[in-house]
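Undergrad: Structure provided below as structure tokens; questions to follow.
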Amino acid sequence: MLAVIVYYVFCGLAICAVAGVHKWTTPYAVLVMVALWPAILCHAMLMCWKEALEEWRGRGKDGVMSKIEWTQKTWNPVAGCSDKSPGCTNCYAKKMAGRLEAMGVKKYEGLTVLQGSHRVWTGKIAFDEQALLAPLRRKKPTRYFVNSMSDLFHENVTDEQIDRIFAVMALCPQHTFQVLTKRPERMLAYLRQVSDERDMQRWVNAAVEFDLPSPMFDAAVAEWEWPLPNVWLGVSVENQATADERIPPLLQAPAAVRFISAEPLLGPVDVEAFLGDGESAIGGMEFIELDWVIVGGESGPGARPFNIEWARSIVQQCAAAGVACFVKQMGAKPFMAEDCAIGFTLRDRKGGDMAEWPEDLRVRQMPEVRG
């Protein structure tokens with residue numbers, strides 16, 4: 001909305017300037033402004049709400065094309081969340097949920113409320129039956145970011161709903177599903193329940209409800225493996241405290257790929273102990289190490305500063321351990337000194353143009369799937 005206001009005022013000033021140059025009479029200038037400003041406003045609002053429109057139009061097809069560099073499409077069978085830690089403060093999903101509700105999209109009704117000038121989650125969760133089967137309609141192999149508008153392991157998402165989502169992922173071996181959570185304890189508890197059943201029968205039971213042709217269904221279920229080779233599990237971390245809290249349960253979870261997203265990164269993070277056997281960091285117990293680390297600064301209104309040395313440190317830690325690293329963006333407020341005194345401006349408002357970065361940070365590696 002801020003962009004709308006700025007754009008609106010700028011165009012109005014431009015019209016006034018043209019009026020002054022051409023010495024238009026006041027009534028004529030006013031007439032031109034009255035005629036053009038509605039079109040200007042509509043265009044500006046369309047630019048601001050473009051992503052929301054794409055989410056709304058694509059939800060029932062085969063997912064929504066994503067601008068997130070490490071994925072290809074987003075898939076949102078669940079919407080709604082609750083703030084968990086400081087990294088949630090400027091979450092883009094809250095703002096988009098508010099826009100979609102304003103557009104009349106029923107799925108997003110009541111998921112957020114306006115407190116002052118900021119959107120906040122209410123904790124309400126919406127399960128989208130129409131979006132659930134979207135990946136089944138796409139044959140081309142695709143990387144899906146699961147629940148970019150929620151957290152799959154939020155406390156208000158039921159186990160039965162998670163079963164149905166995992167059933168879809170199991171039935172789509174051609175796709176890769178990237179699951180990112182701030183609630184790894186529930187993720188681990190859920191997956192331990194499934195692994196105890198060995199044959200993943202709860203997913204089979206959920207998949208029966210999809211009413212797929214029997215030969216297709218039987219063939220797909222016969223090929224299921226544990227853990228699912230096309231499901232990557234990750235946790236979001238923003239500082240050392242959240243890294244130390246969330247990474248250990250992630251490393252205990254069965255997954256083809258285990259990853260972290262250190263975005264928005266709000267402070268230095270040492271992940272070295274989680275890139276090896278983890279003995280020194282996790283009470284002497286051995287865990288499989290991380291496979292992939294994503295790092296990035298915060299973008300959007302109210303973005304917090306991002307020291308590029310934090311990113312450089314993570315890149316170096318990953319390189320030393322032979323772990324794939326993906327630097328997503330520098331954010332809106334990158335700087336090069338601990339006191340934030342040496343900031344620099346990038347043309348890309350999210351700091352996502354690699355050509356503007358220091359050369360050693362131009363790293364975008366993808367992980368290898370475990371055999």
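Undergrad: Could you list all residues from the range 107-166 that are aliphatic (A, V, I, L, M), closer than 25 Å to residue 301 by Cα and touching a Lys or Arg at 6+ places or on another chain (Cβ under 8 Å)?
TA: Those that are aliphatic (A, V, I, L, M), closer than 25 Å to residue 301 by Cα and touching a Lys or Arg at 6+ places or on another chain (Cβ under 8 Å): 111, 113, 120.
Undergrad: Could you check how many residues of the range 98-107 are free of Cβ contacts under 8 Å to residues at least 40 places away in the same chain and either buried (at least 19 other Cβ atoms within 10 Å of the Cβ) or in a helix (DSSP H, G or I) (or both)?
TA: If we filter the range 98-107 for residues that are free of Cβ contacts under 8 Å to residues at least 40 places away in the same chain, which is where we start, we get 98, 101-102, 104, 106.
Now restrict to residues that are either buried (at least 19 other Cβ atoms within 10 Å of the Cβ) or in a helix (DSSP H, G or I) (or both): 98, 101-102, 106.
So the count comes out to 4.
Undergrad: So, one more: Only one residue in 135, 141 is under 27 Å from residue 325 (Cβ atoms), modelled with pLDDT of 95 or more and more than 14 Å from the chain's Cα centre (by Cα), so which one is that? Walk me through it before giving the result.
TA: On the way: 135 fails: under 27 Å from residue 325 (Cβ atoms).
Only one candidate qualifies: 141.
Undergrad: Of everything in the range 223-233 that's under 16 Å from residue 151 (Cβ atoms) and in contact (Cβ under 8 Å) with a residue 60 or more places away in the chain, which residue is farthest from the chain's Cα centre (by Cα)? Before the answer, list the steps.
TA: Let us first name the residues in the range 223-233 that are under 16 Å from residue 151 (Cβ atoms), namely 231-233.
If we keep only those that are in contact (Cβ under 8 Å) with a residue 60 or more places away in the chain as well, we get 231-232.
Details: 231: 16, 232: 14 Å.
That would be 231.
Undergrad: Working only within the range 149-164, note down all residues that are more than 17 Å from the chain's Cα centre (by Cα), closer than 20 Å to residue 84 by Cβ and either outside the structural domain of residue 193 (by TED's automatic domain parsing) or buried (at least 21 other Cβ atoms within 10 Å of the Cβ) (or both). I'd like the intermediate steps shown before the answer.
TA: Filtering the range 149-164 down to residues more than 17 Å from the chain's Cα centre (by Cα) leaves 155-164.
With the extra rule that they be closer than 20 Å to residue 84 by Cβ, the set shrinks to 155-159, 161-162.
Within the range 149-164, 157, 162 meet the criteria.
Undergrad: Further question on the same structure: Residues to consider are 79, 102; find the one that is over 19 Å from residue 261 (Cα atoms) and under 15 Å from the mean Cα position of the chain (by Cα). Spell out the reasoning first.
TA: On the way: 102 fails: under 15 Å from the mean Cα position of the chain (by Cα).
After ruling out the rest, the residue left standing is 79.
Undergrad: Another question, if that's okay. Working carefully through the options 221, 146, 204, 194, find the one that is outside the structural domain of residue 259 (by TED's automatic domain parsing), within 21 Å of residue 254 (Cβ to Cβ) and touching a strand residue (DSSP E or B) at 6+ places or on another chain (Cβ under 9 Å). Spell out how you get there, then give the answer.
TA: On the way: 221 fails: touching a strand residue (DSSP E or B) at 6+ places or on another chain (Cβ under 9 Å); 204 fails: touching a strand residue (DSSP E or B) at 6+ places or on another chain (Cβ under 9 Å); 194 fails: touching a strand residue (DSSP E or B) at 6+ places or on another chain (Cβ under 9 Å).
Result of the check over 221, 146, 204, 194: 146.
Undergrad: Scan the range 234-263 residue by residue and report those that are under 17 Å from the mean Cα position of the chain (by Cα) and part of a loop (DSSP other than H, G, I, E, B).
TA: Once the filter is applied, which keeps residues that are under 17 Å from the mean Cα position of the chain (by Cα) and part of a loop (DSSP other than H, G, I, E, B), the range 234-263 yields 237, 238, 263.
Undergrad: I've got another one for you. Out of 243, 189, 220, 256, I need the residue that is out of contact with any His (no Cβ under 7 Å at 6 or more places or on another chain), without any contact (Cβ under 8 Å) to a residue 24 or more places away in the chain and on the phi < 0 side of the Ramachandran plot. Which one? Talk me through it step by step, then tell me what you get.
TA: On the way: 243 fails: without any contact (Cβ under 8 Å) to a residue 24 or more places away in the chain; 220 fails: without any contact (Cβ under 8 Å) to a residue 24 or more places away in the chain; 256 fails: without any contact (Cβ under 8 Å) to a residue 24 or more places away in the chain.
Checking each option against the conditions leaves just 189.
Undergrad: Need a quick list: helices (runs of 4 or more DSSP H) entirely within the range 157-218 having at least 3 residues that are under 13 Å from residue 132 (Cα atoms).
TA: Values: elements: 159-170, 184-197, 201-208.
Per the criteria, 159-170.
Undergrad: So for the range 114-123 (the condition being under 30 Å from residue 248 (Cβ atoms) and not β-branched (Val, Ile, Thr)), does at least one residue qualify?
TA: Taking the range 114-123 and keeping what is under 30 Å from residue 248 (Cβ atoms), we get 120-121, 123.
This time we only want the ones that are not β-branched (Val, Ile, Thr), so: 121, 123.
Looking for residues that are under 30 Å from residue 248 (Cβ atoms) and not β-branched (Val, Ile, Thr), one finds at least one in the range 114-123, hence yes.
The values are calculated or read from the model by the stated rules, or taken from the named source; none is laboratory data. The structure displayed is predicted, hence computed values, not measured ones. Glycine gets a Cβ as well: all are built from the backbone with ideal geometry, and neighbour counts include every protein chain shown.
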